[in-house]
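Undergrad: If you scroll down you'll find the structure; I have some questions about it.
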Amino acid sequence: QKEVEQNSGPLSVPEGAIASLNCTYSDRGSQSFFWYRQYSGKSPELIMFIYSNGDKEDGRFTAQLNKASQYVSLLIRDSQPSDSATYLCAVDTGRRALTFGSGTRLQVQP
Amino acid sequence: DGGITQSPKYLFRKEGQNVTLSCEQNLNHDAMYWYRQDPGQGLRLIYYSQIVNDFQKGDIAEGYSVSREKKESFPLTVTSAQKNPTAFYLCASRLAGGNEQFFGPGTRLTVL
C-alpha cells in the first residue's frame, strides 16, 4: 500500500465549476498535510497546508482534513483554465520531510 | 531577490560519471531537501538536512551523496552507482519551526 494515494486522473471539469481533488494516507501519525500545484516541466508550488481537522479556506481554495478517515481533499471553486495542472498531495509524518502522492492531473475545459 | 536556485537547469551525463547538482538558498532556511521526480510520478525523498554538518538518508539514498558545509548550500552528487539517474531533481528548503517547504526550479538530468 502506498503511503499517500491520489487518483492520477485526468479530472476534467468545465470552467467555473468546482474541482474536488482527493488524497488518502496510511500513517496515522501524520501531522501536516500539503497541497502543491505543478505545471508541466516546472517545480511544485505550495497552494496551502492544513494540520487540524476541518476546513481551511484561502481564496478559491479550500483544504479539508479528516484524520479519523485519513483523508485530505482540495476544493477549487470557480475553476479556471489556468488551474489546469497536476496537484500533488504531501504528508509530513513527523520526520519534517514530505511524502508525496503521485498527483492528480486536472483539466479545466474553457 | 530571495529564493532557491538550482544549477544547471539541464545536465547530460555519460554512464559511469559522477555529477554534482547545485542548490543554493538565500532565505536563511535551516532545513534543505533533495527529491527526485520521474515522469508521471510524485516526488521521492533522496536526502535531507536539518542543520549544517548533519544530514539524513531519505527513501531512495542509494547511489547519491550530499554535503552541508554551509547553511545556504546543499549539493547533491549523483554517483555512478545510481543505476537509473535520468530524472527531474528538485531541491527544497524550510525555515526551522515552519511548515512550508519551498522548491527551487529543478535540474533535469539525462544519462546518455
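The values are calculated or read from the model by the stated rules, or taken from the named source; none is laboratory data. Here the structure is a predicted model, which is why all the values come from computation and not from measurement. Neighbour counts are summed over all protein chains in view; Cβ atoms, including those assigned to glycine, are modelled from backbone coordinates with ideal geometry. Only protein heavy atoms, including side chains, enter the accessible area calculation; ligands, DNA and RNA are left aside. Shrake-Rupley method; radii C 1.70, N 1.55, O 1.52, S 1.80 Å.
Undergrad: Counting each pair of different Cα atoms once, what's the Kirkwood radius of chain A in Å, rounded to one decimal? Provide the component values of the computation, followed by the final result.
TA: Working: mean 1/r = 0.0722 Å⁻¹.
One over the average 1/r among Cα pairs gives 13.9 Å for chain A.
Undergrad: Using a 1.4 angstrom probe, figure out how much accessible area segment B:38-88 has per residue, in square angstrom, rounded to the nearest whole.
TA: Per residue, segment B:38-88 has 51 Å² of solvent-accessible surface.
Undergrad: To continue, here is another question. Tell me which lysines have Cα within less than 26 Å of B:K71's Cα, excluding those fewer than 8 residues away on the same chain?
TA: A:K42, B:K9, B:K57
Undergrad: Probe radius 1.4 Å, ligands and nucleic acids left out: can you give me the accessible area buried at the A-B interface, summed over both chains, in Å² to the nearest hundred?
TA: It comes to approximately 1700 Å² buried between A and B.
Undergrad: Let me ask something else about it. Taking 0.36 nm per residue of sequence separation and subtracting the Cα-Cα distance, how much length would be gained by fully extending the chain between A:Y71 and A:E5, in nm to one decimal? Numbers along the way, then the final one.
TA: Values: separation 66, 0.36 × 66 = 23.76 nm, distance 0.97 nm.
Separation in residues times 0.36 nm, less the Cα-Cα distance, equals 22.8 nm.
Undergrad: Which residues, if any, in segment A:53-96 lose at least 50 square angstrom of accessible heavy-atom surface (probe 1.4 Å) when the other protein chains sit next to their chain rather than the chain being alone?
TA: A:R95, A:R96
Undergrad: Now for a different question. Each label point is 7 Å from the Cα along the Cα-to-Cβ direction; what then is the distance between the points at A:R95 and B:Y10, in nm?
TA: 3.4 nm
Undergrad: Provide the FRET efficiency to the nearest 0.05 for the B:N99-A:E15 pair, computing r from the beta carbons and using R0 = 25 Å.
TA: The formula returns an efficiency of 0.20 here.
Undergrad: Dividing the convex hull volume of the Cα atoms of segment B:72-112 by its residue count, what figure in Å³ per residue is obtained?
TA: 96 Å³
Undergrad: Provide the per residue accessible area, probe 1.4 Å, for chain A, rounded to a whole number of square angstrom.
TA: Value for chain A: 46 Å² per residue.
Undergrad: I've got another one for you. Which whole-Hz ³J(HN,Hα) couplings does segment B:99-107 yield from phi under the Karplus relation 6.51 cos²θ - 1.76 cosθ + 1.60, θ = phi - 60°, glycine and proline marked x?
TA: Each residue's phi maps through the Karplus curve to give 9, 7, 9, 10, 9, x, x, x, 10 Hz.
Undergrad: Taking the Cα atoms of the protein assembly as shown, what is the range of coordinates along each of the three principal axes, in descending order and whole Å?
TA: Result, largest extent first: 49, 40, 36 Å.
Undergrad: If you average 1/r across every pair of different Cα atoms in segment B:9-112 and take the reciprocal, what Kirkwood value do you get, in Å?
TA: Mean inverse Cα-Cα distance, inverted, gives 13.7 Å.
Undergrad: Tell me, what % of the accessible area of the protein assembly as shown is carbon and sulfur with a 1.4 angstrom probe?
TA: Accessible surface attributable to carbon and sulfur in the protein assembly as shown totals 47 percent.
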